[in-house]
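The values are calculated or read from the model by the stated rules, or taken from the named source; none is laboratory data. From a predicted model like this one, the values you see are computed outputs, not experimental measurements. Cβ: placed from backbone, ideal geometry, glycine included. Neighbour counts: every protein chain shown. What goes into the accessible areas is simple: the full protein's heavy atoms, side chains included, and nothing from ligands, DNA or RNA. Shrake-Rupley method; radii C 1.70, N 1.55, O 1.52, S 1.80 Å.
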Amino acid sequence: MRILIVEDDALVADGLKQGLQQLGYTVDVATSAEEADAFVADESFDLALVDIGLPGIDGLEFIRRLRERGNRLPTLVLTARESMEDTVRGLDAGADDYITKPYRLPEVAARMRALLRRAHAVSDACLRHNGLALDTRTRAATLDGEPVELTNREWAILEMLLMASPAVVSKDKLVQSLAGWDKDITPNAIEVHVSRLRGKLAPGEIVIRTVRGIGYRVDAPVN
C-alpha cells in the first residue's frame with residue numbers, strides 16, 4: 001500500500017520512511033501541507049501520516065481541507081502536542097487517529113493497519129480466502145497451512161485484492177499504489193506480478209480474475 005508522510009523534520013520523515021519501506025509499504029514524503037496537497041491531487045494514496053506542526057499551513061488545516069473536498073484518505077496524526085484540546089481538535093478536523101511523539105514504529109504500524117482495515121471494512125488482521133491466509137501483522141502468508149513466499153510487490157497486490165474483494169481493483173490503482181515518486185512501475189509489470197501470484201496460489205485453487213479493461217478481483221474472502 002502507498003503511504004504519504006507529511007513531515008517537515010527530515011530526520012523523522014526519513015526514519016519513518018525507511019521503517020515503513022522495510023515493512024513493505026511504498027512511501028512518499030511531503031515536507032509541507034502545500035506539497036502534500038499537490039501529491040494528493042495527482043496521485044492515489046492509501047493512508048497519510050500527518051504532523052501537526054508544519055511550516056505555513058499546519059497539519060490540521062491540511063486534513064480539514066481534504067475533508068471539505070470530500071477526500072476520505074485515512075489520516076493518522078503524528079504530533080508532540082499532548083493536551084486533550086489538541087487531540088479533540090485533530091479528531092474534529094477529520095483525522096482518523098492520533099499518536100503523540102515519541103512513538104515507536106510497531107505502534108505506528110499497528111494503528112496504520114487498523115485504519116486500513118477500517119477503510120476497507122475488514123475486521124480481522126488476518127485476511128482469509130478459503131485455504132489462503134495473509135497475516136498483516138507478521139506479513140506471513142500460508143496456503144492450506146503451508147508457507148507461501150511472496151515478494152513485497154506480490155504481497156501488496158494480493159493484500160489490496162483481498163481487502164477490496166469482491167470489488168475490482170483497477171490496474172491504475174495497483175500501479176499508483178506500488179509506484180512512488182522515486183520509483184516506476186508499468187501496467188505490464190503488474191501483469192507479470194499477477195501471473196506469478198497465480199502460479200503460487202494455483203495449488204489452493206485461488207483464482208485471481210481478470211476484468212478486461214479494468215483490473216483484477218478475487219471472490220470475497222472467508223473470514
Of all residues in the stretch 64-92, count the ones that are open to solvent by 30 Å² or more (accessible area, probe 1.4 Å), within 16 Å of residue 49 (Cβ to Cβ) and either at pLDDT below 85 or in contact with a helix residue (DSSP H, G or I) (Cβ under 6 Å, 6 or more places away or on another chain) (or both). 3
Tally of residues being open to solvent by 20 Å² or more (accessible area, probe 1.4 Å), free of Cβ contacts under 8 Å to residues at least 40 places away in the same chain, under 21 Å from residue 185 (Cβ atoms) and not in a helix (DSSP H, G or I) across the stretch 27-50: 1
Per the filter on the stretch 70-122, residues touching a residue at least 40 places away in the same chain (Cβ under 8 Å) and in contact with a Gly (Cβ under 6 Å, 6 or more places away or on another chain) are 105
Would you please name the residue that is farthest from residue 59 (Cα to Cα), looking only at residues in the stretch 5-24 that are free of Cβ contacts under 8 Å to residues at least 60 places away in the same chain and crowded, with 21+ Cβ neighbours inside 10 Å? 5
Expected single match for more than 23 Å from residue 93 (Cα to Cα) and either touching a strand residue (DSSP E or B) at 6+ places or on another chain (Cβ under 6 Å) or part of a loop (DSSP other than H, G, I, E, B) (or both) among 53, 24, 19 is 24
Any chance the stretch 179-187 includes a residue that's closer than 22 Å to residue 45 by Cα, open to solvent by 80 Å² or more (accessible area, probe 1.4 Å) and of a type outside the set (A, V, I, L, M, F, W, C)? yes
Looking at the stretch 123-163 only, could you name the residues that are open to solvent by 50 Å² or more (accessible area, probe 1.4 Å), without any contact (Cβ under 8 Å) to a residue 60 or more places away in the chain and assigned to a helix (DSSP H, G or I)? 153
Could you tell me which of the residues 34, 61, 43 is farther than 26 Å from residue 177 by Cβ and out of contact with any strand residue (DSSP E or B) (no Cβ under 7 Å at 6 or more places or on another chain)? 61
Flag if residue 111 is closer than 19 Å to residue 73 by Cα, open to solvent by 50 Å² or more (accessible area, probe 1.4 Å) and in a helix (DSSP H, G or I): yes
Across (1) more than 23 Å from residue 21 (Cβ to Cβ); (2) polar (S, T, N, Q); (3) under 16 Å from the mean Cα position of the chain (by Cα), residue 138 clears everything bar (1)
Would the stretch 189-203 turn up any residue that is modelled with pLDDT of 85 or more, surrounded by 12 or more Cβ atoms within 10 Å (Cβ to Cβ) and among the polar types (S, T, N, Q)? no
So which residues in the stretch 164-174 are open to solvent by 30 Å² or more (accessible area, probe 1.4 Å), closer than 17 Å to residue 209 by Cβ and more than 13 Å from the chain's Cα centre (by Cα), if there are any at all? 166, 167, 168, 170, 171
